[in-house]
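Undergrad: My structure is below; once you've seen it, I'll send some questions.
The values are calculated or read from the model by the stated rules, or taken from the named source; none is laboratory data. Since the model is a prediction, treat every value here as computed from it, not as a measurement. Because the Cβ atoms are built from the backbone with ideal geometry, glycine has one as well, and the counts that use them run over all protein chains shown. The protein model used for the area step is the full one, side chains on, heavy atoms only, and it has no ligands, DNA or RNA in it. Shrake-Rupley method; radii C 1.70, N 1.55, O 1.52, S 1.80 Å.
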Amino acid sequence: MNVRNVVVLGECGVGKSSIINMISGAQTTKTSNNVLGEGSKVACYVVVMESGLRVNFWEMKGFPGDVGTVPARLLRDLKTIVRRLLVLRSVDLLIFCMRAGSVTNAVVQGYQAIYVDVCARKVPIALVVNGLEGSSGLDMHEWWANNKDGLFNRGLAFDVHACVTTLSDEDPSIREQIETSQRRLRKLVDLPDYFGLPNDLVCPGSESSQTSPISPHEVASPREAVQPATPGRNESESSSSRPPPSGAPISFYELTPDDVVVFLVGRTGCGKSSFISRLTGISEEEAGVSHELDPQYKHINTFKYERPDGSRRLVLVDTPGFTDPDREFADGTLRAEITSWLQEACKRDVIVSHILYLYTPAYSPKSLLLLRPFWNVYGGVMYSQLSLVETMAGCTDDQSEPGSTDTLNKNMTNGKAKAVIYEDTEESARSILQHVTNDPRVMAKVQLKKVASDIPGGFMKFGAKRRAGTRLQKLIGEHLDLLDTVRDNPTDGAENFSLQVRLQRQRSDIEQLVVQIGLKPSLVTRITRWLDRCS
């Protein structure tokens, strides 16, 4: 019998026990009304699904949300329990439970402690939103459609979700919602795999549903309300004279591995949002251009851009402006948000193809501390994917010195990055971006190594399978090195034929090891995808 270990956690009184009861269809656990969450810190309940899957539900003691933060001792005990489960039994899924209406600091703190600190984002995590019996109609999914980006801005990202109610079916007015909830929860637990799936696979609904989002004081909306524009040079243009925009805002959850992702970073006022507006044709207000000292958007925002040549979709990631990018401990919250974004993107095989570091002559950067999150995720290869972009935003001609970008590039990156000047026009923006993805194999290689590094430790613990996983990781590294040799030293005739034969043999050995280890289908797909892109 297949066995799956599922950790259920959340605040006190969110219905963790009721959720397990609904999945089992019986009173498997004793539902508690004790909002203080007294009792043992973990309890295990066994449920056998119709498919024959045996699920061990490990229900953790709830966070006391009414006190603002999780008590340090409780947090320490919960982290210890999950660490033991990871070592002794493995954890196949985290179910994070919350009620619709608010996200407290305790929720964020618990998520960070268990999913980020202990599980290192390597365990699938599902969000179950309970208490949606008051939703209009039967489709409770509308809550997620309205609040997914707000949750993400609070640092809460999920692989899959389910919007449910766990009230008793004695109320006929919500009986259909209860039946829908039970189907969703059972499907959630019984999925064969959790990586690489559409986020709304379990809980589909209309993205156009319009219900009131949760309070902006609790969860920041995906982008704050647009403020009236300060009259500028673009206000005099007739809207009818502008071509239709080729870009639009996009949710993080809509990104795919096929997207070409370009990050824009820099000091407040350096022209990041203006760059996006010029390139995509969307209004300055929608792009987030601010004519004040403070940035209009307080969180990372993403915009899609369909390129005229029909090539792969471009995604521009606009970060809030840094206040002091050269200070060691400045802008810590923003650096953490960028790190979280990058890690969640890597988990979904969405990689950053290029980084545009925008600056004005008046505030030239003196270091690359701002880029530390990219270094932590991608390593030194990020320099080859970096462009130092001097902009003319708010500057006069006499503030720009010829060759200053080249000097800056040489001083900070030893000439490894590109140095360009942005002239605040659509043509200039297109010119900068047309060369940023010349060799996508560079970042594909980095991502394949990251995927391979998870195999020995993350998917098998002991014995022959772990040894095979280590061998697979080594073989992938050798294959990538040989690809570099063939690419950097092109040869003809017999020598080239011999190298190609070795590449084919290595690829065949990798595929055989994948079968031998018995990796999950999603991991096989990821390895195959990046092997193909590296070739």
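Undergrad: Could you please find all residues in the range 275-289 being among the hydroxyl-bearing types (Ser, Thr, Tyr) and either in contact with a Lys or Arg (Cβ under 6 Å, 6 or more places away or on another chain) or open to solvent by less than 30 Å² (accessible area, probe 1.4 Å) (or both)? Break it down stepwise before answering.
TA: The initial filter retains those residues of the range 275-289 that are among the hydroxyl-bearing types (Ser, Thr, Tyr), namely 277, 280, 283.
Selection gives Ser277, Thr280.
Undergrad: Evaluate the following for Leu151: is it open to solvent by less than 60 Å² (accessible area, probe 1.4 Å), out of contact with any helix residue (DSSP H, G or I) (no Cβ under 8 Å at 6 or more places or on another chain) and among the aliphatic types (A, V, I, L, M)?
TA: Working: open to solvent by less than 60 Å² (accessible area, probe 1.4 Å): yes; out of contact with any helix residue (DSSP H, G or I) (no Cβ under 8 Å at 6 or more places or on another chain): yes; among the aliphatic types (A, V, I, L, M): yes.
Criteria met by Leu151.
Undergrad: Of the residues Gln399, Gln434, Gln447, only one is under 24 Å from Leu513 (Cβ atoms) and either surrounded by 20 or more Cβ atoms within 10 Å (Cβ to Cβ) or at pLDDT below 85 (or both); which? Write out each step before concluding.
TA: On the way: Gln399 fails: under 24 Å from Leu513 (Cβ atoms); Gln434 fails: under 24 Å from Leu513 (Cβ atoms).
The unique qualifying residue is Gln447.
Undergrad: While we're looking at this one, here's another question. What's the number of the only condition in (1) in a helix (DSSP H, G or I); (2) under 20 Å from Asp324 (Cβ atoms); (3) touching a Phe, Trp or Tyr at 6+ places or on another chain (Cβ under 7 Å); (4) at pLDDT 90 or above that Pro373 fails to meet?
TA: Checking Pro373 against (1) in a helix (DSSP H, G or I); (2) under 20 Å from Asp324 (Cβ atoms); (3) touching a Phe, Trp or Tyr at 6+ places or on another chain (Cβ under 7 Å); (4) at pLDDT 90 or above, the one that fails is (3).
Undergrad: Please give the number of the condition Leu156 fails out of (1) closer than 26 Å to Gly52 by Cα; (2) open to solvent by less than 40 Å² (accessible area, probe 1.4 Å).
TA: The number of the failed condition is (1).
Undergrad: Can you find a residue in the range 22-35 that is modelled with pLDDT of 85 or more, buried (at least 21 other Cβ atoms within 10 Å of the Cβ) and among the hydrophobic types (A, V, I, L, M, F, W, C)?
TA: Yes, the range 22-35 contains at least one residue that is modelled with pLDDT of 85 or more, buried (at least 21 other Cβ atoms within 10 Å of the Cβ) and among the hydrophobic types (A, V, I, L, M, F, W, C).
Undergrad: Identify the residue in the range 5-25 that is within 16 Å of Arg54 (Cβ to Cβ) and of a type outside the set (A, V, I, L, M, F, W, C) and, among all such residues, is farthest from the chain's Cα centre (by Cα).
TA: Taking the candidates together, the pick is Gly25.
Undergrad: Looking at the range 518-535 only, could you name the residues that are within 17 Å of Pro192 (Cα to Cα) and either crowded, with 20+ Cβ neighbours inside 10 Å or aliphatic (A, V, I, L, M) (or both)?
TA: Pass one, the range 518-535, residues within 17 Å of Pro192 (Cα to Cα): 518-526.
Residues satisfying the conditions are Leu519, Leu523, Val524, Arg526.
Undergrad: Looking only at the range 183-201, how many residues end up being modelled with pLDDT of 90 or more, in contact with a helix residue (DSSP H, G or I) (Cβ under 7 Å, 6 or more places away or on another chain) and open to solvent by less than 20 Å² (accessible area, probe 1.4 Å)?
TA: So the count comes out to 2.
Undergrad: Considering each of Val82, Val103, Val87, Val118 in turn, give the residue that is over 27 Å from Arg183 (Cα atoms) and at pLDDT below 90.
TA: Numbers: Val82 fails: at pLDDT below 90; Val103 fails: over 27 Å from Arg183 (Cα atoms); Val118 fails: at pLDDT below 90.
Within the list Val82, Val103, Val87, Val118, the selection yields Val87.
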